[in-house]
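Below is one structure, written out as structure tokens, with a few remarks after it.
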Amino acid sequence: MRARLSAIAIGLALASCSGASETGGTCSATALNCGAGAICDLTDPAGPTCISATGDIDGDGIPNGKDFCEHQAGGAHDEDNDGIGDECDPCPIAKPPASPDRDGDAVDSPCDPDPDTAGDEILLFNGFNDALGSAWTPTTPGAWTVQGGELVVTNIPTQEYLRTNVAEAPNMAIEASYRIDKLETTATTHLVAVHAHDPRPAGVASLECGVVHADSGTGDVVDLETNQNTATTRALGSAFNSASLYQAAAYASGNNVGCTVLGDGHALGAVQAPVTADAEPSVALTARAVTARFQWILVVGR
Ligand SMILES: [Ca+2]
Ligand SMILES: [Ca+2]
Ligand SMILES: [Ca+2]
Ligand SMILES: [Ca+2]
């Protein structure tokens, strides 16, 4: 990203972009000064530039003024509100970091699960701003619906999955953000997790990382189940508080999986378990006996 403009440069930019529909002037992520009829193109490889709002540089049918990825197809949504569309954002869940990603790959911190090893790429991001397409397969039709930019899973007494496929990668991070509306009384064990498995006949690896609440238990646990082992730890605080924002994140590499659950940005617990080394091209969100709302899912692989 271009360095912040000096006060003098901003003044010049304002002057040069004051005319109606003027394009080609200078702007930046912190100074979107492009005059009437123009917008600041933050995704131009040459640097932020003022362009016509009504044009369509990439010809994807989304006019520049509504296109957050002006130079590639898509770009209708910008989950983290940083002006860079979900399809072209090197980290679609956080604004650009103060310092660039150290390994210079296509994934920026904090989305890069291994910021010192190049080669990571975003295999899947969905901010749930559009209706679920045919690429997503629910266990129970109608259990998952997109409402107001979130994916809502309604009360299902048995464990419910919403699956999709991603490119295979031996190193893989699966992360999701969610809120809990309420625990439902249709079952005595409640769960929210991210999940991955290899569905092929020769595939054996699987993992599930999230939280479990048992009505008769002594507290919430952070839970990691793999095809080899189960690891749990008592959650530091409630893992099913309707006022909190949670994230579940699993990272599989080689023969090991790590699982961390955050509540309002603080770690509720982290566990590790062995896994059969494998690439797991099927990922899912999963829940049981809750009503929950997911804001996004992110899968990064290498
Ligand atoms: Ca466009
Ligand atoms: Ca576009
Ligand atoms: Ca963005
Ligand atoms: Ca990396």
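The values are calculated or read from the model by the stated rules, or taken from the named source; none is laboratory data. For clarity, every value in this text was computed on a predicted model and none was experimentally measured. Methodologically, a virtual Cβ is constructed for each residue, glycine included, from the backbone with ideal geometry; neighbour enumeration extends over all protein chains shown.
Figures for the structure shown
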{"quantity": "Filter pass, Ala118 being assigned by TED's automatic domain parsing to the domain that holds Gly203 and on the phi < 0 side of the Ramachandran plot", "calculated": "no"}
{"quantity": "Filtered residue count, the range 207-233, keeping only those that are surrounded by 13 or more Cβ atoms within 10 Å (Cβ to Cβ), assigned to a strand (DSSP E or B) and not hydrophobic (A, V, I, L, M, F, W, C)", "calculated": "8"}
{"quantity": "Spans of strands (runs of 3 or more DSSP E) in the range 93-182 with at least 1 residues under 14 Å from the mean Cα position of the chain (by Cα)", "calculated": "121-126, 150-153"}
{"quantity": "Every residue from the range 56-93 that is touching a helix residue (DSSP H, G or I) at 6+ places or on another chain (Cβ under 8 Å) and under 16 Å from Ser28 (Cα atoms)", "calculated": "Phe68, Cys69, Glu70"}
{"quantity": "Those residues of the range 31-84 which are of a type outside the set (Phe, Trp, Tyr), closer than 29 Å to Ala176 by Cα, within 10 Å of ligand 1 (Cβ to nearest atom) and in a loop (DSSP other than H, G, I, E, B), in sequence order", "calculated": "Asp60, Ile62, Asp67, Cys69, Glu70, His71, Gln72, Ala73, Gly74, Gly75, Ala76"}
{"quantity": "Residue that is surrounded by the fewest Cβ atoms within 10 Å (Cβ to Cβ), among those in the range 97-107 that are over 14 Å from Glu175 (Cβ atoms) and within 9 Å of ligand 4 (Cβ to nearest atom)", "calculated": "Gly104"}
{"quantity": "The range 124-149 - residue that is farther than 18 Å from Ala94 by Cβ and crowded, with 18+ Cβ neighbours inside 10 Å and, of those, nearest to ligand 2 (Cβ to nearest atom)", "calculated": "Trp144"}
{"quantity": "Single match in Ala273, Ala292, Ala252, Ala243 (criterion: in a strand (DSSP E or B) and within 17 Å of His213 (Cα to Cα))", "calculated": "Ala292"}
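A quick yes/no check of all residues on (1) over 21 Å from the mean Cα position of the chain (by Cα); (2) surrounded by 15 or more Cβ atoms within 10 Å (Cβ to Cβ); (3) hydroxyl-bearing (Ser, Thr, Tyr); (4) assigned by TED's automatic domain parsing to the domain that holds Gly149:
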position	(1), (2), (3), (4)
Thr23	yes, yes, yes, no
Thr26	yes, yes, yes, no
Ala31	yes, yes, no, no
Ile51	yes, yes, no, no
Ala73	no, no, no, no
Ala76	no, yes, no, no
Asn81	no, no, no, no
